[in-house]
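In what follows, a structure is listed as structure tokens, so that the remarks can point back to it.
Bear in mind these aren't lab numbers, they're just calculated from the coordinates by the rules spelled out. Quick caveat: nothing in here was measured; it's all calculated off a predicted structure. Cβ sites come from the backbone with ideal geometry, for glycine too, and all protein chains shown count toward neighbours.
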Amino acid sequence: MKVLIIGSGGREHALAWKVAQSPRVTRVYVAPGNAGTQLEPRTTNVDLAAEDVPGLLAFARREQVDLTIVGPEGPLVLGVCDAFAAAGQRCFGPSRLAARLEGSKAFAKDFLQRHGIPTAAYATFTRRSFDPAWIRAQRAPLVVKADGLAAGKGVVICATQDEAVTTAEGMFAGRFGEAGETVVVEAFLEGEEASFIALVDGTDVLPLATSQDHKRLRDGDEGPNTGGMGAYSPAPVVTPEIHERIMREVMRPTVAALAREGTPYVGFLYAGVMITADGTPNVLEFNCRFGDPETQPILSRMRSDLTGLCEAALDGRLAGVDVDWDPRAAVGVVLAAAGYPDAVRKGDLIHGLEAAATLPGKVFHAGTALDANGRIVTNGGRVLCAVGLGSSVRLAQQQAYRLVGAIRWEGQQYRKDIGHRAIEREAATGA
Ligand code: AMP
């Protein structure tokens, strides 16, 4: 079986690494991939951009690829799965219309409200309909969100009404390009966040292991928002009761409503939820793909064959399917380049990867490339994700940081407290 993974980040390295372990798989292609995917056994990078839908389709047909798995949201929102399906190619991910759940925050909020799925109170504005008086009548803090895809940067938490007005005006003025032509302003929710990721086959929802990521750049959850500085699985915040509430109040109604509206959802579905004090799982956002960096710890724990799960979902056969998990916890620590999350420096030589490869755990690559001499250099904001496993989150964290300690480059940044919330819980319960 030949599998094509679309994308080039840490998530895609983890997908490729996992798929390559399947005894059914003879070859994994990654378009465009990174230095880490290039070095995996049975895996080849393909020089095609993730958003080059015609190029990807032509490649899949020419190489007789049996299954394509889409990593990032960009190609999904462009309709890569529709194009593949129309050509008879199996491509795992939602259609363009179903991917609007991520592609348009205004669409997602209206959808949630229409179906009574818990989410923060909000209003949507365009430049022409903008009503600063509405904002000034709300309680601060407020959250201002650019409607479209903004690489995880289009969300601004505003301490005052004035700041929210100025932020919205900045978005209308083009701060996030077209993504900011429509703006959602919503109430700020207090609580603890969790990522809930499932496989969906149009009707049934198969939840994957729970996880939690760390969005802020610095220890103690301070500093600017990033794409994610680390993640761990499982997330103790998702107790069995919360798990059941997320399934009952968010995941199943979302999938059922999408099917009723004529846009059935097939693919990974990710709900970012804020669990408020009364245990209500409020949807902050939907992603129409696996999370990054959540994929790295989650797939490190998955024992089942991912290709079989994707095929079952494509065939509408997820009912009754179980996923086999390693009971150990996994912690993934992101190592980022100098300057991240703003302008990043590229081309720094990464030292210590060979030493790290002899240690337990796994280093997934994200923004890496091979230079002209075949050496691995930084090539993006988030460069690596070091994943450790252990019988507790604390032990998994120790393994991950031993990997981190082996690796260095000029200007590297990483948090030293990934998993801290779970570890505090473990300490409190004596786990
Ligand atoms: P989003 O991309 O919508 O998930 O937003 C990015 C981050 O902003 C989330 O992970 C939260 O930390 C924060 N956030 C978004 N919406 C809210 C909200 N209504 N209340 C509190 N924090 C929020």
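Couple of notes before you dig in:
- Seen from all directions on average, the chain presents a Cα convex hull projection of 20.1 nm².
- Whole-Å distance, taken between Cα centres, linking region 103-163 and region 241-267: 22 Å
- Those aspartates and glutamates that a straight Cα-Cα span of less than 12 Å connects to residue 2, excepting residues fewer than 8 apart in one chain: 63, 66
- FRET efficiency, 1/(1 + (r/R0)^6) with R0 35 Å, evaluated for residue 372 and residue 244 via beta carbons: 0.05
- Residue among 384, 341, 170 farthest towards the positive dipole end of the chain, charges placed on Cβ: 384
- Qualifying lysines (Cα of each under 23 Å from Cα of residue 109; at least 8 residues distant if same chain): 145, 153, 215
- Expressed to the nearest 5 percent, the antiparallel share of DSSP beta bridges inside the chain is 80 percent.
- The GNM of the chain, with springs linking C-alpha atoms under 10 angstrom apart, assigns the highest mean-square fluctuation among 92, 125, 268 to 125.
- The slack in the chain from residue 61 to residue 346, taken as 0.36 nm per residue of separation less the alpha-carbon distance, amounts to 99.2 nm.
- The C-alpha atoms of region 232-279 occupy a region whose extents along the principal axes are 35, 24, 16 Å, arranged from largest to smallest.
- Simple spin-label estimate for residue 354 and residue 169 gives 5.8 nm between the two label positions (7 Å along the Cα-to-Cβ direction from each Cα).
- In loop segments of region 307-397 as defined by DSSP, the trypsin sites (Lys or Arg not before Pro) with at most 14 further C-beta atoms inside 10 Å of their C-beta are 317, 345, 375.
- Ranked from largest, the principal axis spans of the Cα set of region 159-212 equal 42, 28, 16 Å.
- Label-to-label distance, nm, for residues given as residue 131 and residue 277 (7 Å Cα→Cβ offset): 3.0 nm
- Convex hull projection area averaged over all views, region 110-234, Cα basis, nm²: 9.3 nm²
- Separation of alpha-carbon centers, region 19-83 and region 293-344, rounded to whole Å: 17 Å
- Per-bin percent of Cα-Cα distances, region 327-431 [10 Å]: 16, 44, 28, 11, 2, 0
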